[in-house]
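The values are calculated or read from the model by the stated rules, or taken from the named source; none is laboratory data. A quick note: this is a predicted structure, and the numbers were derived from the prediction, not measured. Neighbour counts are summed over all protein chains in view; Cβ atoms, including those assigned to glycine, are modelled from backbone coordinates with ideal geometry. In case anyone asks, the SASA skips ligands and DNA or RNA and just uses the protein heavy atoms, side chains included. Shrake-Rupley method; radii C 1.70, N 1.55, O 1.52, S 1.80 Å.
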Amino acid sequence: MDFVVLHFTLFVLLASILTSAVCLSAYLVSRRQLFLLGAVGFFFYFFDVAWVFQDNIVGFGHMWHNQLYIAVRSIATIVSGVGFMSTFWLVICEYLGHSSLKMRVIPCLVFTAVSIIALIVPLPEDDNLARFIFYTPRAVFLAWMLLYAGARYVFTRDDFERKRIARAKWIYLVLWALGAGMVIEDAAFFLGPNPTGFIMDLRAVAPERNYSENALMLCCMLVACRSALISLSLRFENPPQRQTEQQEDFVEAHLPLYAKRHKLSPREQEVLRMVLGGMDNQNIASALSLSLSTVKVHIHNILRKTGCRDRQELRQDYWTDA
């Protein structure tokens with residue numbers, strides 16, 4: 001069973017870092033803050049799960065009896081937990097168009113404070129109860145996020161916003177179910193009378209928090225990857241034209257190789273540069289002091305040599321090849 005749990009943990013780690021990378025790629029293309037926040041959030045979750053390997057390695061050295069290590073490990077858990085949970089609250093604010101700085105920051109600060117208090121406040125000598133209280137703030141913060149989103153849906157008078165929120169109803173319901181599962185699973189493990197059996201054996205070596213949280217995060221990763229891949233596919237369908245200095249430098253750097261690969265003449269290379277810049281035939285003719293018919297011939301030859309049907313496919317082929 002340890003073999004299965006090990007590979008499941010590796011899968012969660014891989015999914016986290018890949019989702020973070022895909023979101024970052026989508027942000028660099030679209031400049032949408034949602035994707036940047038998603039990249040940061042899943043990056044924090046990667047470390048939140050990765051701590052389990054540190055625990056196992058350090059455990060062989062019997063460091064779990066070292067109170068200093070336990071304190072540092074608990075602080076690291078708070079940092080990673082606050083990192084990805086707070087980021088996802090900012091995602092909800094961004095999605096709902098909530099620009100108030102107080103509304104964005106105050107819930108994150110409260111969650112951080114509650115997490116620290118749950119760590120430092122002494123409790124009666126019941127270690128399992130202390131652990132349950134330490135792990136519960138995440139589920140409470142998740143419930144707050146879902147309640148806020150639900151309230152915006154119920155009380156908004158904007159039909160467009162209501163329809164926009166309703167598009168996420170299935171993931172909303174799934175998050176409620178898995179969030180409840182987080183609390184139930186922790187309660188059964190930490191507060192149940194002598195928990196035994198197959199499920200509890202699995203839970204004892206779960207990657208970090210519990211399996212419900214893992215499933216919840218995997219659902220979020222699926223949604224994030226789907227949105228990011230749609231954004232990236234739109235870039236392919238509508239490649240950028242040469243509008244910024246960065247894009248101009250990219251075209252200049254890769255155009256010679258592309259022209260050589262498709263055996264374009266120097267003049268055809270000049271025409272292609274202007275096509276990538278979004279210029280029409282008349283503007284190309286004026287810029288190069290050529291007749292309109294000559295420009296059409298050059299573009300026909302470029303399309304024939306590259307195997308493209310039209311300008312749109314030509315731009316797609318260039319950006320894919322480059």
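Remark: residue 287 falls outside the filter, which requires a residue to be without any contact (Cβ under 8 Å) to a residue 24 or more places away in the chain, within 30 Å of residue 29 (Cβ to Cβ) and open to solvent by less than 30 Å² (accessible area, probe 1.4 Å).
When the residues of the range 196-216 are filtered to those that are at pLDDT 50 or above and assigned to a loop (DSSP other than H, G, I, E, B), the one that is most open to solvent (accessible area, probe 1.4 Å) is 208. Among the residues of the range 23-38, those identified as part of a helix (DSSP H, G or I) and either aliphatic (A, V, I, L, M) or without any contact (Cβ under 8 Å) to a residue 40 or more places away in the chain (or both) are 24, 26, 27, 28, 29, 34, 36, 37. Of the residues making up the range 133-156, not a single one is charged (D, E, K, R) and modelled with pLDDT under 80. Residues of the range 154-176 that are of a type in the set (A, V, I, L, M, F, W, C) and either open to solvent by less than 70 Å² (accessible area, probe 1.4 Å) or within 20 Å of residue 97 (Cβ to Cβ) (or both): 154, 155, 160, 165, 166, 168, 171, 174, 175. So which residues in the range 18-35 are closer than 20 Å to residue 85 by Cβ and surrounded by fewer than 16 Cβ atoms within 10 Å (Cβ to Cβ), if there are any at all? 33 - this is the single residue of the range 18-35 that is closer than 20 Å to residue 85 by Cβ and surrounded by fewer than 16 Cβ atoms within 10 Å (Cβ to Cβ). Residues in the range 177-195 that are modelled with pLDDT of 85 or more and surrounded by fewer than 16 Cβ atoms within 10 Å (Cβ to Cβ): 177, 180, 184. Which residues, counting only those in the range 250-269, are surrounded by fewer than 18 Cβ atoms within 10 Å (Cβ to Cβ) and among the acidic types (Asp, Glu)? Across the range 250-269, the qualifying residue is only 252.
Under the condition of being in a helix (DSSP H, G or I), of a type in the set (Gly, Ala, Ser) and modelled with pLDDT under 80, the residues counted in the range 39-71 number 2.
Considering only residues that are aliphatic (A, V, I, L, M) and either buried (at least 16 other Cβ atoms within 10 Å of the Cβ) or at pLDDT 90 or above (or both), which ones fall in the range 120-132? Reasoning before the result, please.
Going through the range 120-132, the residues aliphatic (A, V, I, L, M) turn out to be 120-121, 123, 129-130.
Residue satisfying the conditions is 130 alone.
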